[in-house]
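Q: After the structure tokens below, expect a handful of questions from me.
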Amino acid sequence: MFLRSLEVSAALEPAERGRSFGENSRLLDLGTGAGIPGLPLAIVFPLMHVTLLDSTRKKTDFLSIVVEALGLEQVQVIHGRAEELARNNEHRETYDLVTSRAVAGLPELAELTLPFCKIGGISLALKGSDVREEARSAAIAAGQLGASTAQLRSITIGSRAEPDTAVVWRKVSSTPAQFPRRTGIPHKRPLGVPAPVKAKAESEATGKTESGA
């Protein structure tokens, strides 16, 4: 998992890497779990400030112990929800890079990560090899939240049968004040994704029209 964490660095272009991992740059690892990929990146790139965010207390308690044991003074561990922390001025639109790793679907991840990115910053989600359809479904959400069109970058470190894909959004304008929505809503009702019942009804209506019913 250490090597796979470094895929974040491999996925960035040289100029992006310099801005994201340079002195006094800021990285937020959302849904960090056991600290992947944020903790390995903090070890390899000690000049940047790293925030590890997770909503599970046991995980953040564990990470706090690890960070203290390793003497990583530039790493902050936060127990909390992205929907709430993104309302805090110390964190909203202040990060050069926001990372996430398969913690949610891309439409939801767009709403959870992009409010943290400063303009010119990057949200980078590590996903599996086949994410084109998922990325298309997140296009509306990303646009509403101030991001450019997603770039899909295939990356492999080490010997694996399937590469990972880095979904890269660059922040080009401020996120509107109403986002993210309150806790749980980005998951229940992802931006730009029709509700299942509504989508089914629209599909059935279209089918009836085409059949002449």
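Where a number appears in this text, it was derived from the coordinates with a stated rule and is not lab data. All figures in this text were calculated on a predicted structure; none of them were measured in a lab. Virtual Cβ from ideal backbone geometry, glycine too; neighbours counted across all protein chains shown.
Q: Amide H of Ala147: which non-local residues (sequence gap of 5 or more, or other chain) have their own amide H closer than 5 Å, using H built in the peptide plane?
A: Result for Ala147 returns Val172.
Q: Now a separate question. Take region 132-172, drop everything but the C-alpha atoms, weight them equally and run the Debye formula without solvent; then report log10 I(q)/I(0) at 0.14, 0.21 Å⁻¹ to two decimals.
A: Calculated log10 I(q)/I(0) at the listed q: -0.37, -0.67.
Q: Taking θ as phi - 60°, what are the ³J(HN,Hα) couplings along region 180-187 by the Karplus curve (6.51, -1.76, 1.60), each to the nearest whole Hz, with x for Gly and Pro?
A: Running phi through 6.51 cos²θ - 1.76 cosθ + 1.60 with θ = phi - 60° gives x, 6, 5, 3, x, 5, x, 7 Hz.
Q: Something else about it: Would you mind telling me which residue in Ala147, Ala86, Ala125 has the biggest mean-square fluctuation in a Gaussian network model of the chain, where springs connect alpha carbons within a distance under 10 angstrom?
A: Maximum among the listed residues: Ala86.
Q: Looking at the chain as a GNM with Cα springs under 10 Å, which of Asp130, Asp96, Asp29 has the largest mean-square fluctuation?
A: Comparing Asp130, Asp96, Asp29 in a Gaussian network model of the chain, the most mobile one is Asp130.
Q: Separate question: Please report the net charge: other residues with Cβ closer than 14 Å to the Cβ of Phe62, K and R +1, D and E -1.
A: The answer is 0.
Q: With N set to the residue count of region 1-131, report its C-alpha Rg divided by 2.2 N^0.38 Å to two decimal places. Each step should come with its number before you reach the end.
A: On the way: Rg = 13.4 Å, N = 131, 2.2 N^0.38 = 14.0 Å.
Working it through for region 1-131, the quotient is 0.96.
Q: OK, next. Roughly how many nanometres apart are two label points built 7 Å out from the Cα toward the Cβ at Phe2 and Ser129?
A: 2.7
Q: While we're looking at this one, here's another question. Roughly what % of DSSP beta bridges within the chain run antiparallel, to the nearest 5?
A: Just about 40 percent of them are antiparallel.
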